[in-house]
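The values are calculated or read from the model by the stated rules, or taken from the named source; none is laboratory data. Remember, it's a predicted structure, so these values are computed and weren't measured experimentally. Reconstructed Cβ throughout: ideal geometry from the backbone, glycine too, with neighbour counts over all protein chains shown.
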Amino acid sequence: MIILAYILAAIYILALVFITVYAILEFQLLYYYLKKYKKIRAYTPPALKDWPMVTVQLPVFNEMYVIDRLIDDICQLDYPREKLEIQVLDDSTDETREIIHKKCAHYGARGFDIKHLHRNNRAGYKAGALKEGLASAKGEFIAIFDADFLPRPDFLKKCIPYFQDPKIGVVQTRWDHINEGYSLLTMLQAFQLNVHFTIEQSGRQSGDYFLQFNGTAGTWRKKAIEEAGGWHTDTLTEDLDLSFRAQLKGWEIYYLQEIGSPSELPAEMNGIKSQQARWMKGGAEVARKLIPVIWASKLDFWQKVHAIMLLMGSSIFLVVLALALTSVPLAFLLVRFGIPAKLFAFGLAGTLSILLVHYTANVIIAWQNRNPLISFLRFIFLFPLFLTFSMGLSLHNSVAVIQGWRGKKSPFIRTPKYNIRNIRDRISNHKYLSHRLSWITVFEGLLATYFFYAFYYGMRTHQDAFLLFHLALGLGFSGIFLFTLYHLSLKN
């Protein structure tokens, strides 16, 4: 038993060390953000006299609820019409195809160079569609928008001038959220995404580290795509993959935090899970593929560390799950064998780093125009919920990560959107709702019971070292479990 106690303690410590190192590297990005961000933003590219040819690509698959507004929005872009080509890259198998056909005919008759490129198969999924569209694209630059995005009219005129720097291969913009206040789920998603689109992206730019093209709301130099080897179809996150290959070839990603591209957040749990699974599995696939290449590259040590940790971001859920599962038996063995709980106190440094990063990204940056007191209270409410929400997703996301590291292939499951903007909109009565109960959901319910019992037993036996952690885990897994069941029960 004492050997088991020390084995569990070793696993727990290793997991805690990984999380702490990851959190401290995030804090380092916060340091670079605060130190250099304003200096970088002082640069404004010179005005363009002649606008280059741009192709806007819209990769879609079965998006009947939002495709109308997407095409309408893209056709409102303030850009010389003779220099703008629009490709609707359509893999749809439902009514979406006919909606697109009518919309393209409508705008084509009004002088727009808009093409409906429909495929009868989904070979390569989104990457395959982008690759096929690129072969006939007229543009020197390629802007990409997913079906749930609504770029503002001045998007291209604000982004294209930055390409006057010949080193820039990509200009990426910030994601805004048109339905952030719809529900607790959308608020929690925005809470985390605000970190990525402020501290992480701008901090990496300020520190001269690798950045990420986010798959949408960004513009590529066509030459950069081609020199990096084009779109690959061997991972579920083709955007992350191409981002790294392009930067390894010497191209730079320029991030524009000031330019927001409005988008719709998933409003139901099964949509969130499908998106998370794709991001987490794809991240592991790219890590498996490119970490050896990065380590063998000529990047300096800290550039390699940050690049690898960016690719390892999805694996943090696997570490959180290991931390959670070992904590229950460890809690009881600590008392029996006298292992001091303060052995794990260094993990508080990681928690403090996460708190400061999220506070800065949300209260100071994203919510800067709101009442300061309300923003502070909002943060106090959302931060612990965000932590429990993340813990609750650890099983679901860990399964995806393990599949990615193992190289197990799976289809690209798109995240359905329902044109949800405010509280008056309803998720029910939509065609794309899922009603499939997975084994992962069942185990999430079992884990909720497991951690609530651990909390109860710890209270009864006065073993308080892990009480708050087990309570948070119980709340997290039960929250994910109950939200999933509720959204499964909604009618189509």
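Taken over segment 377-426, residues that are more than 29 Å from Glu238 (Cα to Cα) and not acidic (Asp, Glu) amount to 14. Can you find even one residue in segment 351-366 that is more than 22 Å from the chain's Cα centre (by Cα), surrounded by fewer than 18 Cβ atoms within 10 Å (Cβ to Cβ) and either among the β-branched types (Val, Ile, Thr) or not in a helix (DSSP H, G or I) (or both)? Scanning segment 351-366, I find no residue that is more than 22 Å from the chain's Cα centre (by Cα), surrounded by fewer than 18 Cβ atoms within 10 Å (Cβ to Cβ) and either among the β-branched types (Val, Ile, Thr) or not in a helix (DSSP H, G or I) (or both), so the answer is no. Please tell me if Gly207 is at pLDDT below 95 and within 24 Å of Lys38 (Cβ to Cβ). Spelling it out, Gly207 is indeed at pLDDT below 95 and within 24 Å of Lys38 (Cβ to Cβ). Could you tell me whether Ala322 is at pLDDT 90 or above, among the aliphatic types (A, V, I, L, M) and over 22 Å from Leu387 (Cα atoms)? Taking the combined requirement at face value, the residue does not satisfy it. When you check Ile413 against the structure, is it closer than 18 Å to Phe317 by Cα, surrounded by 12 or more Cβ atoms within 10 Å (Cβ to Cβ), touching a residue at least 40 places away in the same chain (Cβ under 8 Å) and touching a Lys or Arg at 6+ places or on another chain (Cβ under 9 Å), yes or no? In short, no.
Taking segment 369-392 as the range and being in contact (Cβ under 8 Å) with a residue 40 or more places away in the chain and over 15 Å from Ala190 (Cβ atoms) as the test, the residues that pass are Pro384, Leu387, Thr388, Met391, Gly392.
Which of the residues belonging to segment 26-39 are within 19 Å of Leu310 (Cβ to Cβ) and at pLDDT below 90? Scanning segment 26-39 gives Lys36, Tyr37. Residues considered: Ala47, Ala23, Ala10. Of these, the only one that is of a type in the set (Gly, Ala, Ser), closer than 23 Å to Cys159 by Cβ and modelled with pLDDT of 85 or more is Ala47. Pairs are defined by a Cβ separation below 6 Å, a sequence spacing of at least 6 or placement on different chains, a first member in segment 285-304 that is without any contact (Cβ under 8 Å) to a residue 12 or more places away in the chain and in a helix (DSSP H, G or I), and a second member that is buried (at least 17 other Cβ atoms within 10 Å of the Cβ) and not acidic (Asp, Glu); the pairs so defined are Lys304/Ile294. The condition of being within 30 Å of Arg288 (Cβ to Cβ), at pLDDT below 90 and part of a loop (DSSP other than H, G, I, E, B) holds for only one of Arg414, Arg421, that being Arg414.
For segment 60-75, which positions are over 18 Å from Phe155 (Cβ atoms) and not β-branched (Val, Ile, Thr)? Scanning segment 60-75 gives Phe61, Asn62, Glu63, Met64, Tyr65, Asp68. Take Tyr450 and tell me if it is in a helix (DSSP H, G or I), touching a residue at least 40 places away in the same chain (Cβ under 8 Å) and within 13 Å of Val328 (Cα to Cα). Taking the combined requirement at face value, the residue satisfies it. The listed residues are Leu58, Leu77, and the only one of them that is under 23 Å from the mean Cα position of the chain (by Cα) and buried (at least 18 other Cβ atoms within 10 Å of the Cβ) turns out to be Leu58. Inside segment 384-394, residues that are within 21 Å of Asp176 (Cβ to Cβ) and surrounded by fewer than 18 Cβ atoms within 10 Å (Cβ to Cβ) make up a count of 0. Does at least one position in segment 328-350 carry a residue that is surrounded by fewer than 17 Cβ atoms within 10 Å (Cβ to Cβ), of a type in the set (Lys, Arg) and under 20 Å from the mean Cα position of the chain (by Cα)? No - not one qualifying residue is present in segment 328-350.
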